[in-house]
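Down below is the structure, laid out as structure tokens.
The values are calculated or read from the model by the stated rules, or taken from the named source; none is laboratory data. The structure presented is a predicted model; accordingly, all values stated were derived computationally and were not measured. Positions of Cβ are backbone-derived with ideal geometry, glycine not excepted, and every protein chain shown enters the neighbour counts. Note: areas computed on protein heavy atoms with side chains; ligands, DNA, RNA excluded. Shrake-Rupley method; radii C 1.70, N 1.55, O 1.52, S 1.80 Å.
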Amino acid sequence: MSVRAFVGLGGNVGDVAAAFASAVAQTDALPGTQLLRVSRRYRTPAWGMAAQPDFLNAVAMLETTLPARELLEALLAIERAHGRDRANETRWGPRTLDLDLLLYGDAVIDEPGLRVPHPHLHERAFALRPMLEIAPGVSIPGHGLARDLPAAMAADGIEALG
């Protein structure tokens with residue numbers, strides 16, 4: 001059985017647009033997985049650790065037969081292939097590529113290393129805005145329609161690019 005999943009893409013080091021294109025192609029090539037749509041890129045001011053370059057963010061919508069844990073492990077492998085080392089980085093610091101499993105169908109999963117929906121999705125305009133661009137009717141389990149969440153309306157200096 002296939003599930004619709006949403007993956008957040010982020011990065012602010014190196015050629016982020018190329019990293020996104022590569023990551024999207026690698027995700028589309030995963031077994032039992034088909035890329036359905038990808039949002040535009042959004043420029044987002046860094047937060048948490050503000051003294052770093054702006055981030056680019058986007059969201060990809062997939063149809064997959066991979067279980068959530070396998071999909072997450074594949075996303076983490078794609079990150080590593082792009083030079084990301086989660087174990088040795090600063091929280092909210094610069095990164096070449098960040099791939100977050102935002103939604104996995106309507107599943108609510110809370111296991112070590114895997115939380116779906118992403119625990120802060122409902123608070124993050126930089127993820128909600130690109131998600132709503134490609135799936136305006138998307139619902140976040142436990143929070144309702146994404147378009148009705150205050151964070152979906154926040155500008156926060158976020159700028160859609162081409």
Handout entry: Approximate spin-label separation Arg147-Asp85, in nm, with each point projected 7 Å along Cα-to-Cβ
Key = 4.5 nm
Handout entry: Residue with peak Gaussian network fluctuation, the chain [Cα springs, cutoff 10 Å], from Arg91, Arg40, Arg80
Key = Arg91
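Over the chain, average the accessible area per residue using a 1.4 Å probe and give it in Å², no decimals.
On the way: 7870 Å² over 162 residues.
It amounts to 49 Å² per residue over the chain.
D for the range 81-127, whole µm²/s, Stokes-Einstein with Kirkwood Rh over alpha-carbon pairs at 10 °C and 1.306 mPa s: what number? Each step should come with its number before you reach the end.
Values: Rh = 12.4 Å.
Estimated diffusion coefficient is 128 µm²/s.
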Fill in the blank from the handout: Taking protein heavy atoms only, a 1.4 Å probe, and rounding to whole percent, the accessible area of the chain owed to carbon and sulfur comes out at 54 percent
Exercise for the section: May I ask for the net charge around Ala23, where only other residues with Cβ less than 10 Å from the Cβ of Ala23 are counted and Lys, Arg are +1 while Asp, Glu are -1? Expected result: -3
Fill in the blank from the handout: Once both label points are put 7 Å beyond Cα along the C-beta direction, the Arg4-Trp47 separation in nm becomes 2.6 nm
Handout entry: In Å, descending, principal axis extents of the Cα set of the chain
Key = 43, 36, 32
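Can you give the helix-only mean residue ellipticity at 222 nm for the chain, where every DSSP H stretch with n ≥ 4 adds -39500 (n - 2.57) and the sum goes over all residues, rounded to the nearest 500 deg cm²/dmol?
My calculation for the chain gives -7500 deg cm²/dmol from helical runs alone.
Shape of the range 1-81 from its Cα gyration tensor (a ≥ b ≥ c, root eigenvalues): rounded if a/c is under 1.5, otherwise prolate when a/b > b/c, or oblate? Could you put the intermediate results ahead of the total?
Values: a/c = 2.14, a/b = 2.01, b/c = 1.07.
Here the range 1-81 falls in the prolate category.
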